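Note sheet for the following structure.
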Amino acid sequence: MSFVNYNTKEVNCKIVYYGPGLGGKTTNIQHVYKKTSGESKSDVISLNTENERTIFFDFLPLELGEIRGFKTRFHLYTVPGQAFYEASRKLILRGVDGIIFVADSQVEKMDANIKSLESLETDLKEQGYDLSKVPMVMQWNKRDLPNVVAVKDLEAQLNKRRLPSHEGVAMNGLGVFETLKSISKLVLMNLKGGL
Amino acid sequence: MSYIETFKTILKNNLTRSSEQAISIFVARMDGVILFSNEKPPLDKNKESIGALVAGLWQAAELSNQFLESAQEDTRLSFDTSDGGIYVLPISISNEKHLYGAMYSGQINPGMIKNLIRKLRDKSELELRNEVSTLKSEYLFNNVTDEEVDNLFSFVGN
Ligand SMILES: Nc1nc2c(ncn2[C@@H]2O[C@H](COP(=O)(O)OP(=O)(O)OP(=O)(O)O)[C@@H](O)[C@H]2O)c(=O)[nH]1
Ligand SMILES: [Mg+2]
């Protein structure tokens, strides 16, 4: 849950990258890290296996600029996409303010995308979220590969809610900030006061 | 008095100069957002990461614990050696569960340190029990523009 501190004039929001295994969630966060500068820059925390599959989460605290006098801080998390880590995914969704769904555009990954989206919806409902109210954007990742599903088909199959969507090649940074800005806007507009 | 002042005052009144140097204290929400820290190393530089990790650790431990026949109520989390480590306790602030955590090293008697931390937690909890949270339900910003979002991200290098 977002946190607005009126004493220090700060807002804190939690953004989660969700999606099927190997879809590019960790790659998104790594790109954000690479492109951020400043002395207060923190490292990415990655809890992963030896071959770099996420096992619990990646975490990157991001100090942004100010908006209307409030210092803004985003906590970026990725979930582990592999089916096995269902319990961890649920934990990371707790208190989420905004979701970036990273879909893998490859034809053979459509089933995995659909399953992942379904489990996201189940998890959110279980935690009492109203699906229609959770800020969310879609990223069609891996557009550089030859065997990709056409964007209009991705939209038809995965984006029935007609959420904002962005094409991405996270590996080269394409679409990464575009997607992050898009969710940031939705999250900030959805922000309510705090402690 | 703000809750930050409350934590500070309690530390000031209950820690000796040497324990004040040796113990790093933080209070975090369950989602890992740090509400307070005494800014002692390593919290001076890494408190956000520590908050996220410890909150994740706590929640994972709590869930695992639920598989026990008789799930324990008054749980605490420690990850330590005979002279240092991390010690985390739940603390209720305005009726919501938070985490009261400490990191310490080079202690001859860590049992005593843990006792002290429990005492600090208890006192803070008592003070803040009646703190009413002024949760506001109206939107903070209406109509955020693309330009404002671009400004937020102006630090991004190319
Ligand atoms: N061709 C291509 N490869 C990509 C792209 N984005 C990520 N990858 C690669 O896909 C692989 C998996 O990326 P990760 O970011 O680790 O995937 P993940 O979603 O975090 O996976 P889990 O942690 O298992 O959930 C890596 O080898 C990346 O380099 C992309 O846009 N194009
Ligand atoms: Mg990953």
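Values computed for the structure shown
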quantity: Failed criterion for B:Gly106 (all others in (1) free of Cβ contacts under 8 Å to residues at least 24 places away in the same chain; (2) part of a loop (DSSP other than H, G, I, E, B); (3) of a type outside the set (S, T, N, Q) hold); calculated: (1)
quantity: Scope segment A:138-150; condition away from ligand 1 (no atom under 12 Å from the Cβ) and touching a residue at least 40 places away in the same chain (Cβ under 8 Å); matching residues; calculated: A:Val149
quantity: Segment A:10-59, residues that are among the hydrophobic types (A, V, I, L, M, F, W, C), within 9 Å of ligand 2 (Cβ to nearest atom) and outside any strand (DSSP E or B); calculated: A:Leu22, A:Ile29
quantity: Segments classed as strands (runs of 3 or more DSSP E), wholly inside segment B:1-87, with at least 3 members that are away from chain A (no Cβ under 13 Å) and in contact (Cβ under 8 Å) with a residue 12 or more places away in the chain; calculated: B:23-29, B:77-80
quantity: Selection count where residues are within 16 Å of ligand 2 (Cβ to nearest atom) and of a type in the set (A, V, I, L, M), scope segment A:61-83; calculated: 3
quantity: Tabulated pairs, segment A:165-186, first more than 13 Å from A:Asn141 (Cα to Cα), second within 12 Å of ligand 1 (Cβ to nearest atom), C-beta under 6 angstrom, 6+ apart or interchain; calculated: A:Ile183/A:Ile100
quantity: Condition broken by A:Phe70, with the remaining ones in (1) within 11 Å of chain B (Cβ to nearest Cβ); (2) of a type outside the set (Gly, Ala, Ser); (3) within 24 Å of B:Glu148 (Cβ to Cβ); (4) touching a Phe, Trp or Tyr at 6+ places or on another chain (Cβ under 7 Å) satisfied; calculated: (4)
quantity: Residue list for segment A:151-184, restricted to those being away from ligand 1 (no atom under 13 Å from the Cβ) and either within 14 Å of chain B (Cβ to nearest Cβ) or of a type in the set (Ser, Thr, Tyr) (or both); calculated: A:Pro164, A:Ser165, A:Phe177, A:Glu178, A:Leu180, A:Lys181, A:Ser182, A:Ile183, A:Ser184
quantity: Failed item in (1) out of contact with any Pro (no Cβ under 7 Å at 6 or more places or on another chain); (2) within 12 Å of ligand 2 (Cβ to nearest atom), with A:Glu86 passing the rest; calculated: (2)
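Each row is one residue, and each column tells you yes or no for (1) more than 14 Å from every other protein chain (Cβ to nearest Cβ); (2) within 14 Å of ligand 1 (Cβ to nearest atom); (3) within 17 Å of the chain's Cα centre (by Cα); (4) of a type in the set (Gly, Ala, Ser).
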site: A:Ile29; (1), (2), (3), (4): no, yes, yes, no
site: A:Val32; (1), (2), (3), (4): no, yes, yes, no
site: A:Thr49; (1), (2), (3), (4): yes, yes, no, no
site: A:Glu66; (1), (2), (3), (4): no, no, no, no
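Since every read-out is calculated from the coordinates, none of them should be taken as a lab result. Here the structure is a predicted model, which means the values were calculated and not measured. Quick reminder, even Gly has a Cβ in these numbers, built from the backbone with ideal geometry, and neighbours come from all protein chains shown.
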